[in-house]
Structure formats: structure tokens, C-alpha cells
1. Those residues that are among the hydroxyl-bearing types (Ser, Thr, Tyr), free of Cβ contacts under 8 Å to residues at least 60 places away in the same chain and more than 15 Å from ASP249 (Cα to Cα), I need them from region 294-346; list them, please.
2. Please list, ordered by residue number, the helices (runs of 4 or more DSSP H) wholly in region 53-115 having 1 or more residues that are of a type in the set (Gly, Ala, Ser) and at pLDDT below 80.
3. Sort through PRO269, PRO341, PRO304 and tell me the only one that's assigned by TED's automatic domain parsing to the domain that holds GLY130 and at negative phi.
4. Spot the failing condition for GLU266; the list is (1) charged (D, E, K, R); (2) out of contact with any helix residue (DSSP H, G or I) (no Cβ under 9 Å at 6 or more places or on another chain); (3) closer than 16 Å to THR157 by Cα, and only one is missed.
5. Assuming LEU163 fulfils every condition listed in (1) more than 22 Å from MET243 (Cα to Cα); (2) at pLDDT 95 or above apart from one, which condition is it?
6. What pairs come up if the first residue lies in region 247-268 and is closer than 20 Å to TYR135 by Cα, the second is at pLDDT 95 or above and assigned to a strand (DSSP E or B), and their beta carbons are under 8 Å apart, counting only those six or more places apart or on different chains?
7. Any residue that is buried (at least 20 other Cβ atoms within 10 Å of the Cβ) and over 18 Å from LEU163 (Cβ atoms) - is there at least one of those in region 271-283?
8. For region 43-52, indicate whether the set of residues that are within 25 Å of the chain's Cα centre (by Cα), modelled with pLDDT under 95 and either assigned to a loop (DSSP other than H, G, I, E, B) or under 19 Å from SER330 (Cβ atoms) (or both) is non-empty.
Amino acid sequence: MTDSQHNSVLIIGTGTIGEPLIGLLADISDQVGIDEVLFHKRTPRLEDRPKVNSLIRRGARLCVDEPVMPEFKAKGLQPEYTTTEALVRARVIIDCTPKGCGRENKSEFYRHLDGSAAGFIAQGSEFDFGKMYVYGVNDEAFRPGEDRYIQVVSCNTHNLAVLIHTLVLADGRDNLAQGQFVCMRRANDISQSSEFVASPTVTPHGDERFGTHHARDAYHLFQTLGLELNLFSSAIRLNSQYMHTIWFDLQLRRPTTLKTVIQRLEENPRIALTNKMSTNLVFSFGRDHGHYGRLLANTVVCLPSLQLGEGGGRLRGFCFTPQDGNSLLSSIAATLWLLDPAGYRKKLEVLRPYFFKEV
């Protein structure tokens with residue numbers, strides 16, 4: 001097998017999403033047919049040396065921009081490739097850089113690699129990067145060889161999408177009259193030391209039709225399935241680092257029962273259920289039992305909060321968004337789909353130990 005035939009995956013960025021994604025891919029690479037996991041670090045910093053060396057010990061290979069390679073080595077870090085070499089080697093490139101950088105990198109770098117790479121993945125609200133994706137929701141919308149740019153939507157958009165897909169659309173593609181959501185976002189990630197808020201801080205409704213990007217992105221996600229949904233979201237940041245929490249209000253055209261709702265939640269392996277009422281208890285479970293602290297679920301639904309009104313036609317409740325674990329799962333699913341469209345679902349079974357049905 002030549003280098004150009006290697007199933008190499010390159011992750012660009014070592015932040016909130018990049019760091020755990022690098023480690024998780026390195027841990028499972030042998031089991032899912034990935035030959036090497038590369039990761040790009042832009043700036044040589046002593047405070048980052050422990051995590052970089054830990055990722056290297058787990059099997060990932062560091063690549064850096066050629067001009068700063070001597071600086072990395074001077075700080076005790078040993079890059080194996082330059083950025084240019086890594087970009088050429090990689091069959092899948094996952095962009096985990098800050099918001100907006102993914103689209104810039106697509107224009108500046110990725111388009112020139114179309115012949116050598118199987119595909120490119122961006123994270124979060126990188127609107128217009130590629131086809132939006134949530135694993136288990138719109139897989140059927142992808143076409144091998146055609147869809148090579150994929151946008152893994154934000155963790156809260158994952159939550160919205162899986163609730164709609166599981167609890168509403170099972171009774172018909174036209175079953176949702178309206179979906180409203182309030183995303184109560186944690187102030188910042190526990191890995192971040194900036195942008196913490198001192199008190200609850202409201203996010204402006206930047207979109208006249210959808211409110212915040214969460215509903216907008218969910219709308220475009222379901223458009224890949226030919227659906228036009230009536231969605232609206234609001235967001236507020238809370239002075240907590242534990243977990244995002246979402247309140248949902250789903251107005252149905254076909255009444256249902258609470259028994260049916262719970263049954264559908266139980267049948268979806270990517271939905272966890274909990275009787276816990278506080279984010280710190282759910283977060284603590286993930287810390288103790290997840291993969292390096294993360295639950296690989298699309299949502300954790302709070303069972304005591306579920307309420308069905310208006311003759312079974314209106315479902316309300318709360319759910320928790322599990323520490324970006326849903327984005328990690330979809331990123332790995334998208335990676336394996338790009339490398340093996342026919343066999344990616346079977347390979348994802350390696351992650352099943354981290355799909356908890358009860359938290």
C-alpha cells in the first residue's frame with residue numbers, strides 16, 4: 001500500500017472539539033481501519049505541551065507549519081510532518097478551528113486537494129461549508145463521491161434534530177406544526193479560561209425567521225431530506241460550565257401518548273434517559289463513565305420534565321446536551337462514511353460501550 005492509499009485522517013485544531021476527537025480517533029484507529037491520525041498545532045506553547053505529548057503517546061502524529069518547526073522542537077515537542085505534507089497524506093481532513101476559519105480554509109487550501117482527499121469536515125456553525133449532518137438523522141441524504149464537504153452541526157443543533165426526528169417525524173413527515181426551543185448554554189467549556197459570563201446573558205435573535213442559528217441550522221439539516229419545518233430557537237448563556245440544557249415545545253398534528261414518547265426515546269440507541277434533574281449530576285456521570293469524560297449521545301432527556309398537553313398534541317420538556325459528545329460521534333461517523341460508505345455503520349459499533357441508555 002502506498003502513502004497515497006493510506007487511510008490517514010488529519011484533525012486541524014486542538015481545542016474543545018479537536019483535542020477529544022484526536023484522542024478518540026487514535027484510540028479506535030486500529031479497529032475502524034484508520035492507518036494514522038494526524039493533528040495540526042499552530043502555536044508552540046509550553047502550557048499545551050502536556051496535552052500534545054499525551055495525544056502523541058496515544059498514537060496521534062503531530063504536524064506543524066514548517067517555519068515554526070524549530071520552535072516546537074525547542075519546547076520538547078517532536079513534529080513528524082509539516083502541514084503541507086500532512087494535507088497531502090490525509091484522505092479525510094476535519095477542521096476544528098474557530099468559527100469562520102473552516103470556510104476560509106476551504107477556499108484557501110481544501111479546494112486544491114480535491115483530487116487527493118476523500119472529503120472534508122467542518123464543525124459547528126460553519127454555514128455554507130457543506131451538507132449539514134447529524135449521525136442517525138440524515139445519513140440517507142448523502143451520496144458517495146458527491147458529498148465531499150460535510151458540516152457537523154453544533155452540539156445543541158444535534159439535540160434539536162434528534163428530538164424532532166425521533167419524537168415527531170416517526171408519525172409522518174408533515175407531523176410537526178411548530179417546534180420552539182430555548183437553548184440554555186453553558187458559559188464556556190471547562191477546557192477554556194476565557195469568555196465566562198458572570199450572570200445569565202441573553203443571545204440576540206439574529207435571524208428574523210429562526211431566532212438563533214440552532215433552529216436555522218436544524219431547518220437546513222432537514223432540508224437535505226426534502227423537509228420544510230417550522231422551527232424557532234432562543235438562547236441564553238448561563239454562568240455554569242457543566243452542560244447545555246434545552247427546553248423544547250413540539251406542537252404535533254397527530255396526537256400521541258406519553259407511553260409512545262418514552263418508548264421511542266428508549267428505542268433510539270443515541271438517546272440517553274435520566275431521572276436526574278440537574279446538570280452537575282449528568283455531567284458527573286459522563287466524567288466517571290464516558291470516554292475521557294464524554295457521553296457519546298445526541299441528547300440526554302430528563303424524563304420527569306416531559307409533559308404532554310392539548311389532547312396529546314403538544315410535547316414539552318427539558319434535555320441536556322452532553323459535552324459535545326454528539327458532535328464527536330457525528331464527526332467520526334462522517335469520517336468513516338467518507339472512507340467506507342458501505343461499512344461505516346458496522347465500524348461505529350466500536351463506540352457502543354459509550355452509548356448509555358440511562359444516566
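1. Once the filter is applied, which keeps residues that are among the hydroxyl-bearing types (Ser, Thr, Tyr), free of Cβ contacts under 8 Å to residues at least 60 places away in the same chain and more than 15 Å from ASP249 (Cα to Cα), region 294-346 yields only TYR344.
2. 101-108
3. The match here is PRO341.
4. (3)
5. (1)
6. Hits for this filter: LEU265/ILE271; LEU265/LEU273; LEU265/VAL301; GLU266/LEU273.
7. The answer is yes, given that some residue of region 271-283 is buried (at least 20 other Cβ atoms within 10 Å of the Cβ) and over 18 Å from LEU163 (Cβ atoms).
8. Yes: region 43-52 contains one or more residues that are within 25 Å of the chain's Cα centre (by Cα), modelled with pLDDT under 95 and either assigned to a loop (DSSP other than H, G, I, E, B) or under 19 Å from SER330 (Cβ atoms) (or both).
The values are calculated or read from the model by the stated rules, or taken from the named source; none is laboratory data. For clarity, every value in this text was computed on a predicted model and none was experimentally measured. Cβ coordinates were reconstructed from backbone atoms using ideal geometry, including for glycine residues, and neighbour counts include every protein chain displayed.
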